[in-house]
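> The structure's right below; bear with me while I get my questions together.
The values are calculated or read from the model by the stated rules, or taken from the named source; none is laboratory data. Source: prediction; values computed, not measured. As a convention, Cβ positions derive from the backbone with ideal geometry for all residues, glycine included, and neighbour counts pool all protein chains shown. Surface areas here come from the heavy atoms of the whole protein model, side chains and all, with no ligands, DNA or RNA. Shrake-Rupley method; radii C 1.70, N 1.55, O 1.52, S 1.80 Å.
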Amino acid sequence: MELTKEQVAIINSTGNIKINAVAGSGKTTTVIEYARTRPKSSSILYIAFNKSVKLEAVKKFAEKGLDNVTVETAHSLAHRYIVRGSIYTVRKQAYKTNEIVELLGLQGGKEKHTEYVIANHINKFITYFCNSDKSKTEELNYLDIVSDEKARAFVKTFYDYIKAQTRLLLKKMNDGKIEIIHDFYLKKFQLSGQQLNYDYILFDEGQDASAAMLDIFLKQRATKVIVGDTHQQIYGWRFAVNSLEKVGFTTYHLSTSFRFAQDIAGLAMGVLQLKTHIDEHYQPITIQGKGSNKGVKSKAILARTNLGLLLKAIEFITEHKKVKDIYFEGNINSYTYADDGASLFDVLNLYNSKFSLIRDKLIKGMKDLDELEDYIEKTEDVQLGLMVEIVKEYGDEIPGILKTLKDKHVENDDKDKAEMVFSTVHRCKGMEYDSVQLVNDFITEAKLEKQQSGKSPEEVNIAKLNEEINLLYVAVTRTKNALYIPEEMMPADFPDSPRIHVIPKEVTESKTTTTPTTKRAPKKETPKAYSVERFRQDHKDAYEPWTNDADSDLTIMYADGISLKEIAEHFGRTRGAIIARIKKLEIEDLNR
């Protein structure tokens, strides 16, 4: 492969440098060539973003005969220095909310489940601290990361108790009295100030590094190279700090993408232009598209959220019954579980009042779905909120739907056989597919303007909006050839392209079966695009409190034998919400 002038400049550089690389620009190739041209006697550490990237990097460095390069993740490094030979044992996942309640013997207030809400915030506070570069929890204000008004009010009331119990749980881990989590030993490694014995340290995906990771990296005496893409920073929720913008090293660029052609590159630049809405100082970037892929072997549907993806997958298998093999990036079961272990089936069993079948202790402690939704409001637990939405929409159809998805799902080794790959953007980071279709749950210019409308600059969460734009940019740049994108996400007046197929707005807003087509000319007999935004608009009254008059109308309509579908349409709510209210009013027998 012939190297570009930008790549040659990087390889010939000296001293500490940072490399801002656009999607598909061959940064791994560049880093390997950089390592290959260093003295054979030098020792080199390559820090990969996650385990899968690490394994791929090990293979690539080995193919080049670079046995002086050690490949690690930040966590594997920390594990070697902190955990190996110590008193510590590591948990596979974070502590569940109910486990924290039991470990700390938390006491609630007068309101039900207060101790669980407190435990949820303790968990988040620990994650916040462990990913920071601070040495004490007192140096952080946990309220800085709590945005919801109801959640903030709760935290303010219990702040001192939450902070004290957070410190106590950290102390229990530090003393080896309980298992430690992955974030904890990384934090302990950062605080140890350990010097690594390498001549060069190459830090990949630097835009998604936490402050703790960056602090470890910057304190090393080795020659340092940090590489990434400022506009691919999508882990703010894991407290990534976009290290490329914080490091004062000499800057180099990789602006040529070998993944896709210029039309996709133009669209990617157009997406990033949305940042002018939130940053008047935004400097447009140039992306040269030199990709020449023409075949379509791998196809993927990408979504912003688990909910958007699951709904699209359900729609896909319903409309494409002949499709035998599909694949979910990551563990398919993880799409039906929240981080703290609660499953979609737990929420469904709560919805159906089948308490004996609920496994998760937190869900089991809830009286009904209303109590769970109150908990969700006070904790900003987005994942549980998404589960509730799915349960309200599909109810008892869920087990059959998930069984069908799992029956069609192929194992990792057979991924190439999949007729369609499903993934959220976070799970497909660093991957590429010949053809990509986007679910209509990403940011759009209209949504961006709406979120800023009527708000002062202080009220607008600039970092979050910036990350939403980055998510769309990452999604668009996963394709090597064809892209199917909802019209609402397209920049205004974007020129026609044989590779960019626009899903018309009328398709995303209707239930008709049409397909993504080139530009805005709809054709028949192709898959529709599902709009989560449209779903919420259609059911905008779904979460309004029930009134006495509404309950009376519901009782009469249900007793008269009117179908659930018609009742749902009448009230502007989901069918699942109607069923839940019927159960709450205990009027099931009226229609028998």
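> Condition test on TYR198, is it aromatic (Phe, Trp, Tyr) and free of Cβ contacts under 8 Å to residues at least 12 places away in the same chain?
It is false that TYR198 is aromatic (Phe, Trp, Tyr) and free of Cβ contacts under 8 Å to residues at least 12 places away in the same chain.
> Further, regarding this structure: Pairs, please: C-beta under 8 Å, at least 6 apart or cross-chain, first residue of a type in the set (Gly, Ala, Ser) and in the stretch 172-183, second outside any helix (DSSP H, G or I)?
That search, which allows pairs on different chains as well, returns GLY176/SER86; GLY176/ILE87; GLY176/TYR88.
> Within the stretch 288-313, work out how many residues are open to solvent by less than 60 Å² (accessible area, probe 1.4 Å) and either charged (D, E, K, R) or within 25 Å of the chain's Cα centre (by Cα) (or both).
Of the residues in that region, 15 qualify.
> Same structure again: Check TYR34, TYR81, TYR88 and return the single one that is open to solvent by 40 Å² or more (accessible area, probe 1.4 Å), among the aromatic types (Phe, Trp, Tyr) and modelled with pLDDT of 95 or more.
TYR81
> Of the residues MET420, MET387, MET431, only one is among the hydrophobic types (A, V, I, L, M, F, W, C) and modelled with pLDDT of 95 or more; which?
Of the residues listed, the single one that is among the hydrophobic types (A, V, I, L, M, F, W, C) and modelled with pLDDT of 95 or more is MET420.
Every residue, every condition in (1) in a helix (DSSP H, G or I); (2) buried (at least 19 other Cβ atoms within 10 Å of the Cβ); (3) among the basic types (Lys, Arg), yes or no:
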| site | (1), (2), (3) |
| --- | --- |
| LEU77 | yes, yes, no |
| ASN98 | yes, yes, no |
| GLU102 | yes, no, no |
| GLY108 | no, no, no |
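> Of all residues in the stretch 162-192, which are charged (D, E, K, R) and more than 17 Å from HIS121 (Cβ to Cβ)?
Residues satisfying the conditions are LYS171, LYS172, ASP175, LYS177, GLU179, LYS187, LYS188.
> In the stretch 173-184, how many are of a type outside the set (A, V, I, L, M, F, W, C), open to solvent by 20 Å² or more (accessible area, probe 1.4 Å) and under 30 Å from the mean Cα position of the chain (by Cα)?
Residues in the stretch 173-184 being of a type outside the set (A, V, I, L, M, F, W, C), open to solvent by 20 Å² or more (accessible area, probe 1.4 Å) and under 30 Å from the mean Cα position of the chain (by Cα): 3 in total.
> If you don't mind, another one. Looking at the stretch 43-65, which of its residues are surrounded by 17 or more Cβ atoms within 10 Å (Cβ to Cβ) and in a loop (DSSP other than H, G, I, E, B)?
Scanning the stretch 43-65 gives a single hit, PHE49.
> Does the stretch 211-247 hold any residues that are open to solvent by 30 Å² or more (accessible area, probe 1.4 Å), under 16 Å from LYS464 (Cβ atoms) and of a type in the set (Val, Ile, Thr), and which are they?
VAL241
> Now a separate question. Are there any pairs, at least 6 apart or on different chains, whose C-beta atoms fall under 8 Å, with the first in the stretch 546-573 and in a loop (DSSP other than H, G, I, E, B) and the second small (Gly, Ala, Ser), and if so, which?
The qualifying pairs are GLY572/ALA542; ARG573/ALA542.
Conditions tested, residue by residue: (1) open to solvent by less than 30 Å² (accessible area, probe 1.4 Å); (2) in contact with an Asp or Glu (Cβ under 8 Å, 6 or more places away or on another chain); (3) of a type in the set (Val, Ile, Thr).
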| residue | (1), (2), (3) |
| --- | --- |
| SER423 | yes, yes, no |
| LYS455 | no, no, no |
| ILE462 | no, yes, yes |
| LEU465 | yes, no, no |
| ASN470 | yes, no, no |
| LYS480 | no, yes, no |
| PRO486 | yes, no, no |
| MET490 | yes, no, no |
| PHE494 | no, no, no |
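> Here's something else I'd like to know. Would you kindly identify the strands (runs of 3 or more DSSP E) lying entirely within the stretch 243-353 that contain at least 3 residues that are more than 25 Å from HIS426 (Cβ to Cβ), in contact with a helix residue (DSSP H, G or I) (Cβ under 7 Å, 6 or more places away or on another chain) and at pLDDT 95 or above?
Answer list for the stretch 243-353: none.
> Report whether or not ARG221 is free of Cβ contacts under 8 Å to residues at least 60 places away in the same chain and outside any strand (DSSP E or B).
yes
> While we're on this one: From the list LYS40, LYS92, pick out the single residue that is part of a loop (DSSP other than H, G, I, E, B), under 30 Å from TYR116 (Cβ atoms) and not aromatic (Phe, Trp, Tyr).
Of the residues listed, the single one that is part of a loop (DSSP other than H, G, I, E, B), under 30 Å from TYR116 (Cβ atoms) and not aromatic (Phe, Trp, Tyr) is LYS92.
> With the checklist (1) open to solvent by 40 Å² or more (accessible area, probe 1.4 Å); (2) in a helix (DSSP H, G or I); (3) not polar (S, T, N, Q) in hand, flag the one item ILE363 doesn't pass.
ILE363 satisfies every listed condition except (1).
> In the stretch 6-26, how many residues are touching a Phe, Trp or Tyr at 6+ places or on another chain (Cβ under 6 Å), more than 30 Å from ASN293 (Cβ to Cβ) and either in a loop (DSSP other than H, G, I, E, B) or not β-branched (Val, Ile, Thr) (or both)?
Total satisfying the criteria: 1.
> On the given criteria, is LEU472 within 15 Å of MET269 (Cβ to Cβ), in a strand (DSSP E or B) and touching a residue at least 12 places away in the same chain (Cβ under 8 Å)?
no
> Among the residues of the stretch 1-31, how many are of a type outside the set (Val, Ile, Thr), open to solvent by 10 Å² or more (accessible area, probe 1.4 Å) and closer than 17 Å to GLU56 by Cβ?
Result for the stretch 1-31: 3.
> Could you list all residues from the stretch 111-137 that are open to solvent by 10 Å² or more (accessible area, probe 1.4 Å), out of contact with any Ser or Thr (no Cβ under 6 Å at 6 or more places or on another chain) and under 18 Å from GLU373 (Cα atoms)?
GLU111, LYS112, HIS113, GLU115
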